[in-house]
Amino acid sequence: MRKEKSLYVPFDQRTGDTSVVYFTRDLSAEGLKKAYRKVNDNMTGKVAIKLHTGEPKGPNIIPRPWVRSLIEDDLPDATIVETNTFYNGDRYTTEDHRKTLEINGWTFCDVDIMDAEGTVDLPVKGGKWFDHMTVGKTMIDYDSMFVLTHFKGHAMGGFGGSNKNIGIGCADGRIGKKAIHQREGSDDKWSIAQEELMERIAESSKATVDFFGDHITFVNVLRNMSVSCDCEGVAAAPVVTPNIGILASKDILAIDAASVDLVYALEEADHKDLVERIETRHGLRQLSYMKELGMGNDRYVLIDLDNDEAEIVAKDAVKGVKPFAKDIMEYMK
């Protein structure tokens, strides 16, 4: 039986303060830049861009031309950062990871595999599973972090938003990710699941959020939302959820809550598969636990960047969203 804190809480039943989340339906390089520029005033010093760069030829990752345009126009000195994977595959070792980056075309700027030469421990304040998280060694060399996330489903997390992007994505491939996924003494690499997994991801994420403090910001791209994570590459399930748009916020909980709300606001036929993936994996515990950890607000003001920055609600934001034809060649440009 699912626990109460893993159930969907309608917006009007939430309590607490509100944060600002910006929204555009413009799924393009210009839309990405428009959203980022609303939340980028805290990006100072040496900037890391935490981005899931994907498995070889993965069809659903954020388009490279969008990211290249953003870096050239807004973040010319920034570095994309990643870590190696916990699972055996094409990003398990640094050498293979570098080959995958080249295959996927991430060759137009520096990419730092943060755990290539070791790890560092960051404190987890107020956690019940961890008192520290092990992350890639070079993460502490950066002054600011821009978390650029392809929002989608996830085989174990239910959904992958900003919380998953840094909670799993900044943890190193051997120690940190193992602590999140594998119970001590178990031979099963994926022995931790459901509520406990969501809580461990959030605690890991909190270590990164706390480290950067006021110098971390978030953009979620709600496009090509398979129920599968980008870590499944070309084996990802077909995309059946309509594209929605791009969100930006300085509040990690608010942006992930808004992303989930926009999915739930779609017609049932359009969101059925993704909502089922979220709920069967108990993924909504990510949101409730982030709130318990004081990582942000699940109430927010949604600002429509396409309509004179008017305030909107989720059900109005997705009006006019239509399913799209899948064209892998277009995605891979």
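The values are calculated or read from the model by the stated rules, or taken from the named source; none is laboratory data. Keep in mind the model is a prediction, meaning the values are calculated, not measured. Neighbour counts are summed over all protein chains in view; Cβ atoms, including those assigned to glycine, are modelled from backbone coordinates with ideal geometry.
Quick notes on this one:
- Subset of region 271-286 (residues that are assigned to a helix (DSSP H, G or I) and under 17 Å from residue 258 (Cα atoms)): 271, 274, 275, 278, 279, 285, 286
Listed here are the residues, each with its yes/no results for (1) charged (D, E, K, R); (2) without any contact (Cβ under 8 Å) to a residue 24 or more places away in the chain; (3) in contact with a Cys (Cβ under 9 Å, 6 or more places away or on another chain); (4) surrounded by fewer than 24 Cβ atoms within 10 Å (Cβ to Cβ).
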position: 164; (1), (2), (3), (4): yes, no, yes, no
position: 167; (1), (2), (3), (4): no, no, no, no
position: 176; (1), (2), (3), (4): no, no, yes, no
position: 181; (1), (2), (3), (4): no, no, no, yes
position: 185; (1), (2), (3), (4): no, yes, no, yes
position: 193; (1), (2), (3), (4): no, no, no, yes
position: 210; (1), (2), (3), (4): yes, no, no, yes
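- Some residue of region 45-54 being touching a Phe, Trp or Tyr at 6+ places or on another chain (Cβ under 7 Å) and surrounded by fewer than 16 Cβ atoms within 10 Å (Cβ to Cβ): yes
- If you go through region 222-263 and keep only what is in a helix (DSSP H, G or I), closer than 21 Å to residue 166 by Cβ and among the β-branched types (Val, Ile, Thr), you end up with 252, 255, 260, 263.
- Selection status of residue 73, surrounded by fewer than 22 Cβ atoms within 10 Å (Cβ to Cβ), modelled with pLDDT of 95 or more and in a loop (DSSP other than H, G, I, E, B): no
- Condition check for residue 105: in contact with a Ser or Thr (Cβ under 7 Å, 6 or more places away or on another chain) and small (Gly, Ala, Ser): no
- Criterion applied to 171, 202 was being aliphatic (A, V, I, L, M), within 28 Å of residue 302 (Cβ to Cβ) and in contact with a helix residue (DSSP H, G or I) (Cβ under 7 Å, 6 or more places away or on another chain), and the one residue passing it is 202.
- Criterion violated by residue 151 - all others in (1) surrounded by fewer than 21 Cβ atoms within 10 Å (Cβ to Cβ); (2) within 17 Å of the chain's Cα centre (by Cα) satisfied: (1)
- Residue within region 35-43 that is touching a Gly at 6+ places or on another chain (Cβ under 6 Å), buried (at least 17 other Cβ atoms within 10 Å of the Cβ), in contact (Cβ under 8 Å) with a residue 12 or more places away in the chain and among the small types (Gly, Ala, Ser) present: no
- The set of residues in region 126-135 that are out of contact with any Cys (no Cβ under 7 Å at 6 or more places or on another chain) and either surrounded by 14 or more Cβ atoms within 10 Å (Cβ to Cβ) or modelled with pLDDT under 95 (or both) comprises 127, 129, 130, 132, 133, 134.
- From the options 99, 128, 50, 57, residue that is assigned to a helix (DSSP H, G or I) and not aromatic (Phe, Trp, Tyr): 99
- Filter result (closer than 25 Å to residue 41 by Cβ and surrounded by fewer than 20 Cβ atoms within 10 Å (Cβ to Cβ)) within region 76-107: 76, 77, 79
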